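Here the structure is laid out as structure tokens; the discussion comes afterwards.
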């Protein structure tokens, strides 16, 4: 097998490449890819969770455990918060003894690599293993990927090669997704226009539905272009599915165990017709031939009519159902009011973190010791009701390490509460704009924040089940956890798009001047490129350590974007760099300035997508285009933000009381509140 290059720095996109050589299963010392999810929680040595995990892993690798007979293993062990769930999957063409050997290696190696993480994913060439303290069966997990690529390039006919590859992968995706609940696996080959053979493999965990498997594989196939460029082979591995292609046959079709065939349809029963009644029987037969079809047709018409009426009635009932009924369907996220009251010590003032337009925010501690942040919706706030609905329906569906995690909600009478994870550090603006604190942010930490924020935005735009435009990305909405990882917060102004929708319009502008794209601020046109613009401003602020509307250089004060563009044009872009940055790669810093200017270009079509931004951040071999002049629509020097109604403090539920950011993002009047609540399921 040809050597592969593997991405290990970022989950979504390729990084400095490490050379891996495939080794026989029996001697595999290291995973080809492994992810230890620190943010999903840790267990302690000799805890009940560790005991349950060891028991579960032992049972998975037991010689008597054959899974479902087709290389898929699903098991759980323990109870309540100490319950462990595991899924293992062997490649579809791997024989039983090799599969078992691979699983044995996996179960032994996984706790060495990830010694105390509650959720882990790792894979070899022949198998993969996942476990978690949450149920993972029948749930698609494709929010991150490992990318591996062949070291050799295609020498000619690249476009034709990848056109044929895409056709092959689409065909294999359809085959695998439709294969049933025992195994979702397909292999095949085709020939490129230059007569180069192409071999492909796709596989899902068989617990997924046909639609979920198809969607997961489609996302993986779409990543091949970014992952593998003009390479002769490549692989995209997600926890729920994986795809691979090479110019040589890397699988063995002769070892793919046949799936059981569906039971044959029973043969039609034989009947003997006798014609002993002469013309009388002929008459009866004629009557039957005429009457029976008419009766059947009438029955079908009535049945269809009833079904349509029932469906229409059901839709009306769903439409008329209030927000409370809609939210109560997510029972697993609902907290008892008494639990929240105890956690916040009856909402005492000492635990109050801040005050938002929707009501106060409190810090709390659950009985299991977990810190939480609780938004308590004001009972007389119409806009707060909207914020509550918008955030619950949006954020509960989002799971990503760079997004603030919604733990649940509470409904009791007029009380409506949002329960978030508690992030101990301040929002980014309290660190980066503070002359003392920002000195603690060396370049490595700032670069980590830039990349993490980009990954979170990409997830919102392309990789979540919903396509979401945040519309209020800014430093005060980027929260920093104890490991300096960024988490995007505050989805009260976010908008959902349908799958193929690329832009929208609104008659009411919400957001913060300085971070708003010109087409949105002036005309109400918003799209994914609106968030890209905000990200570009954020990058320039992180590099310079100064606010976008109050950039101080020597004795002058001006707009950050104006100064950045003029410095870039004049070849003095280094003047933009924060003087407190004493270390760090100057090339990397200058590249970030370049990317920031590409993101704030006036023409939204010239701005890169977030997928391209990650590629630019990650691949130094990628030549960046020359930025055009940015939009100079904001000339304020006093921190002016969009107004037109009362200002309101903004908090996403996760920082300490002395660290809050006061923003004047627009609060929509009650008579126009519906504009924010238009949602489009993806």
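The values are calculated or read from the model by the stated rules, or taken from the named source; none is laboratory data. On a predicted model such as this, the values are computed, not experimentally measured, just so you know. Using ideal geometry, Cβ is built from the backbone for each residue, glycine included, and neighbour counts are taken over all protein chains shown.
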Kindly indicate whether residue 205 is in contact (Cβ under 8 Å) with a residue 12 or more places away in the chain and farther than 17 Å from residue 127 by Cα.
no
Take residue 189 and decide whether it is modelled with pLDDT of 90 or more, outside any helix (DSSP H, G or I) and surrounded by fewer than 18 Cβ atoms within 10 Å (Cβ to Cβ).
yes
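To keep it simple, each residue is scored yes or no on (1) farther than 30 Å from residue 120 by Cβ; (2) at pLDDT 90 or above; (3) not assigned by TED's automatic domain parsing to the domain that holds residue 188.
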| position | (1), (2), (3) |
| --- | --- |
| 217 | no, yes, no |
| 230 | yes, no, no |
| 234 | no, yes, no |
| 249 | yes, yes, no |
| 278 | yes, no, yes |
| 284 | yes, no, yes |
| 296 | yes, no, yes |
| 308 | yes, no, yes |
| 314 | yes, no, yes |
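Yes or no, residue by residue, for (1) under 24 Å from the mean Cα position of the chain (by Cα); (2) outside the structural domain of residue 344 (by TED's automatic domain parsing); (3) at pLDDT 80 or above:
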site	(1), (2), (3)
380	no, no, no
388	yes, no, no
391	yes, no, no
394	yes, no, no
397	yes, no, no
410	no, no, yes
433	no, yes, yes
crowded, with 21+ Cβ neighbours inside 10 Å, outside any helix (DSSP H, G or I) and under 24 Å from the mean Cα position of the chain (by Cα): is that true of residue 148 in this structure?
yes
